[in-house]
Amino acid sequence: MMRGLNPQKFEPTVVFYASEDSFIEKRMRECGVQARYLSQDAGAGSPFISAPAEPSTDDQDTGRWLGTHLGAGASRTYHWLRAHYQYLKQDRPRVRPLVRLIRDLEIDLLHFNNSLRSAKAAIRAARIAGIPCVCHVRGFTNLRPYDLKFADSVDLFVYISRAVEQDCHEQGIRTTGIVVHNVVDLDEYPDPDESRESANAVRDEFGWAPGTPVVGVVGRLDWWKGHETFVQAVASATERVPNLKALIVGAPVDSPLCRQYHQDLLALIHNLGLEDKVILTGFRSDVARLMSALDIVVLSSSTPEPFGRVVIEGMAAGKPVIATAAGGVLDIIRDGTDGRLIPIQDADAMSQALIDLLVDPQKAAAMGRAARRRVEDKFTVPRQVAILQKVYGTLLDTPTRDRARIRWQQVLDTPA
């Protein structure tokens, strides 16, 4: 998005609480995007790097005890005071450095890429500095009453899907919001007709002959990503497509639960006799190249995705995508036209969808072409940038007292 902004109108600066030498920082340096840091201390316990704390089991138990013995009011007061304590300890130290940076760099608008819960310091800093702020909500977050008191200080919420928007509204956010879908850079996904050589190279890498049918799941190994359903579906599909192969692309999340999930997944593959058919690749940075070899991309998540970026990546690669029908995916796939939607945790439905497309290559190819067109129409960087530039321009041109009355649909519908 930053690469696409009109440099004659906007100069983007990205502020990190602390340097972690992360993948995104490296990408930004390659693109020439300016980065600033509030602290060089990324150590454990640093207020500049730690994530907002979830309520501990002890906190929850105390709240329940107070609710049982002293009433709901006592429980609410306890949780409010605990949340305020966390704000004072964790968020407040970030405010003054942010305000100083805003003034030093003469920043005119703050667009924070965190949920409301994680953005309290940024919201407060924007208000002190007297500049508009946009909260870009990219996931489902459990909001507390204390979090919601910051919502009125946000000028606009941007949601990555209707599902995320609905979740925030149901939790009490009433500030105006718009849906701006995530996008994919089509430069990273060349025309599918031009990727046959790359597809054969990937098959050769794994010891598979050209033309071998390959399906795959792309994404980190997390307990809710539903890889076990995918493995079970592949086992069933091999009864109709005996030479079927599968890739599971992504590294396990570093947590005890996900490490155990990884081991359970390996055990399942062994128990089903799929060691020669299912390969776990671990982390890969060449996702677009791997997708060129997949006949079908699968999103198998067992709980709703906030958006499901891998869906539009697969569609950009010109592949039919089979995805569980929940969350942000419902904004993307038109079932039967540019992909297939199946129930969550339904290995039989996934297997049947795989078979239907694998035994009918013409149908699969037509769906893949439609998927590519869908991305070109709805999920591209220029489209996202055009919307956000309208947002920025409107907020900057509107006095503070009038921002709450902006009719955003009318703004977005107006030709640039």
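Applying the set (1) outside any loop (DSSP other than H, G, I, E, B); (2) buried (at least 22 other Cβ atoms within 10 Å of the Cβ); (3) of a type in the set (A, V, I, L, M); (4) out of contact with any strand residue (DSSP E or B) (no Cβ under 6 Å at 6 or more places or on another chain) to Ile128 leaves exactly one unmet item: (2). Selection of segment 140-167 for residues being part of a loop (DSSP other than H, G, I, E, B) and under 13 Å from Pro304 (Cα atoms) yields Phe140, Thr141, Ser161. Taking the listed residues Arg334, Arg407, Arg401, the one that is surrounded by fewer than 23 Cβ atoms within 10 Å (Cβ to Cβ) and over 30 Å from Arg127 (Cα atoms) is Arg334, with no other qualifying. Taken over segment 301-328, the residue count meeting the criterion of being assigned to a strand (DSSP E or B) and closer than 17 Å to Arg138 by Cα is 2. Scanning segment 308-346 for residues being of a type in the set (D, E, K, R), closer than 23 Å to Ala199 by Cα and touching a residue at least 40 places away in the same chain (Cβ under 8 Å) gives a total of 3.
Residues are listed down the side, and each one gets a yes or a no for (1) among the hydroxyl-bearing types (Ser, Thr, Tyr); (2) outside any strand (DSSP E or B):
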position	(1), (2)
Leu330	no, yes
Arg340	no, no
Asp348	no, yes
Ser351	yes, yes
Glu376	no, yes
Val385	no, yes
Leu388	no, yes
Val391	no, yes
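Screening the candidates Ala364, Ala316, Ala349 for the property of being over 17 Å from Lys245 (Cβ atoms) and touching a Pro at 6+ places or on another chain (Cβ under 8 Å) yields one hit, Ala349.
Taking each residue of segment 20-35 that is farther than 17 Å from Phe112 by Cβ and in the same structural domain as Phe283 (by TED's automatic domain parsing) and looking for partners that are of a type in the set (A, V, I, L, M) and surrounded by fewer than 11 Cβ atoms within 10 Å (Cβ to Cβ) with beta-carbon atoms closer than 6 Å, six or more apart or interchain, yields nothing.
The values are calculated or read from the model by the stated rules, or taken from the named source; none is laboratory data. Note that the structure is predicted; figures quoted are calculated from it, not measured. Neighbour counts are summed over all protein chains in view; Cβ atoms, including those assigned to glycine, are modelled from backbone coordinates with ideal geometry.
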